[in-house]
Ligand code: UDX
């Protein structure tokens, strides 16, 4: 590899990119990079997933993603493949977006990252930039570098970059094109220049640091967001005890620009595949480094308690839950997604089943995923519905666990008529409490 090749890569505008992993992060990044003008091959070792993607069929719901994928494929900029070796050889830039699932002890399973690094090493036929996109523990970049150096056959150079994703599920496409910042953990000016060129058309602040710092920024962000949520959820408990309204408290707090209004919605707690596993991982990593992050342990505890608190509140009204008919609307961990991973609905529904309640479940997108998640439970006690009104028939309580916009447009007069007892437990403080009470409902909120 001569100087000529080296210079030409740094001065390119569009790159041949390989994205490894076609999950929530990898697919959005692939389609997003294709839209920015790069030629992207998205690789996954799940043949079924790739076969579906080749037919332009997505296996999860993410607003705007399907049309973005279609556009990329139509323009000849986005491809799907399970041939990782070939994709690596043909690429100048490689994004690693494989899964980093949690282990029992809260640490992160990095097996997929290590496997991928070995395949990259074996197929490293020219200088390449290798980018960690998955959320990984601090020091993973060092391990990636060590592994690739150890297994590479040829005398070629490479750079490792940490470029953490800050994509929210349900808004991931928007977040890709409108990032609040781009964090680049780099070790060489060459890699920095290439990364800047890749993201050139995204107008935002680019923060450059070393790799360890970039990895830590990601831990710090998700942990801080989780802390903010558990803080307002703790305040919600005090509001219930003191007879105050957490919504107004949050408003009053959020008007202070040092605090900000976002992430101050009290409710049944946070879920999803990022915040819960990321705080576990950060607690674990901190301990390994020699610091007891007790604050995060408390954040986790408050989040867990919020779900049992909600069930207790329902019990206060309905007393014994055995054979009570409870409708649950909103099963995914938040609106705009069908993702059930670590959704608060799982713990809440399990508790209600334990109390022998009869459950009638509805979600605008997540019924398919929910059926898989609850397949192990006493299925005779759970029924799934395709539309909300049949689900509430003869129910003693309607629980709202996710703030899907369509729930605010429901015909509550009709719902009151259909229910056996007009009790609404709003786990997201999302509905209009006064309006529901005027209609004759008993309303349970969180801290209001
Ligand atoms: C999060 C981070 O926001 C994102 O930057 C990171 O890249 C991935 O993890 P995500 O998991 O998609 O994104 O969900 P997010 O929108 O952050 O919500 C997380 C959880 O917090 C959800 O269960 C949501 O319902 C809950 N939440 C959020 C609240 O309970 N109250 C709020 O005010 C905000």
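The values are calculated or read from the model by the stated rules, or taken from the named source; none is laboratory data. The structure displayed is predicted, hence computed values, not measured ones. Here the Cβ is made from the backbone with ideal geometry for all residues, glycine too, and neighbour counts use every protein chain on show.
Examine the range 78-92 for a residue that is within 19 Å of the chain's Cα centre (by Cα), under 18 Å from residue 29 (Cβ atoms) and either surrounded by fewer than 19 Cβ atoms within 10 Å (Cβ to Cβ) or in the same structural domain as residue 33 (by TED's automatic domain parsing) (or both), and state whether such a residue exists. Looking for residues that are within 19 Å of the chain's Cα centre (by Cα), under 18 Å from residue 29 (Cβ atoms) and either surrounded by fewer than 19 Cβ atoms within 10 Å (Cβ to Cβ) or in the same structural domain as residue 33 (by TED's automatic domain parsing) (or both), one finds none in the range 78-92, hence no.
Residues of the range 93-106 that are touching a strand residue (DSSP E or B) at 6+ places or on another chain (Cβ under 9 Å) and within 18 Å of residue 162 (Cβ to Cβ): 93, 94, 95, 96, 97, 98, 100. The strands (runs of 3 or more DSSP E) falling completely within the range 379-448 that include 2 or more residues that are farther than 25 Å from residue 338 by Cβ, at pLDDT 95 or above and in contact with a helix residue (DSSP H, G or I) (Cβ under 9 Å, 6 or more places away or on another chain) map to 442-444. Out of 21, 72, one residue alone is surrounded by 15 or more Cβ atoms within 10 Å (Cβ to Cβ), on the phi > 0 side of the Ramachandran plot and at pLDDT 95 or above. It is 21. Taken over the range 12-29, residues that are farther than 14 Å from residue 62 by Cα and either within 23 Å of the chain's Cα centre (by Cα) or in a helix (DSSP H, G or I) (or both) amount to 4. Looking only at the range 184-228, residues that are exposed (fewer than 15 other Cβ atoms within 10 Å of the Cβ) and in a loop (DSSP other than H, G, I, E, B) come to 8 in all.
Looking at the range 385-430, which of the residues that are under 24 Å from the mean Cα position of the chain (by Cα) and under 17 Å from residue 325 (Cα atoms) is farthest from the ligand (Cβ to nearest atom)? Per the stated criteria, the residue is 399.
Residue 188 fulfils the conditions (1) free of Cβ contacts under 8 Å to residues at least 12 places away in the same chain; (2) more than 16 Å from the ligand (Cβ to nearest atom) except for a single criterion, (1).
Counting only helices (runs of 4 or more DSSP H) that fall entirely inside the range 103-183 and contain at least 2 residues that are within 16 Å of the ligand (Cβ to nearest atom) and closer than 29 Å to residue 204 by Cβ, the qualifying elements are 172-177. Out of curiosity, is residue 259 farther than 16 Å from residue 229 by Cα and in contact with a helix residue (DSSP H, G or I) (Cβ under 7 Å, 6 or more places away or on another chain)? Taking the combined requirement at face value, the residue does not satisfy it.
The rows are residues; the columns are (1) within 13 Å of the ligand (Cβ to nearest atom); (2) on the phi > 0 side of the Ramachandran plot; (3) surrounded by fewer than 17 Cβ atoms within 10 Å (Cβ to Cβ); (4) not assigned by TED's automatic domain parsing to the domain that holds residue 108.
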site	(1), (2), (3), (4)
230	yes, no, no, yes
268	yes, no, no, yes
272	yes, yes, no, yes
276	yes, no, no, yes
279	yes, no, no, yes
293	no, no, no, yes
299	yes, no, no, yes
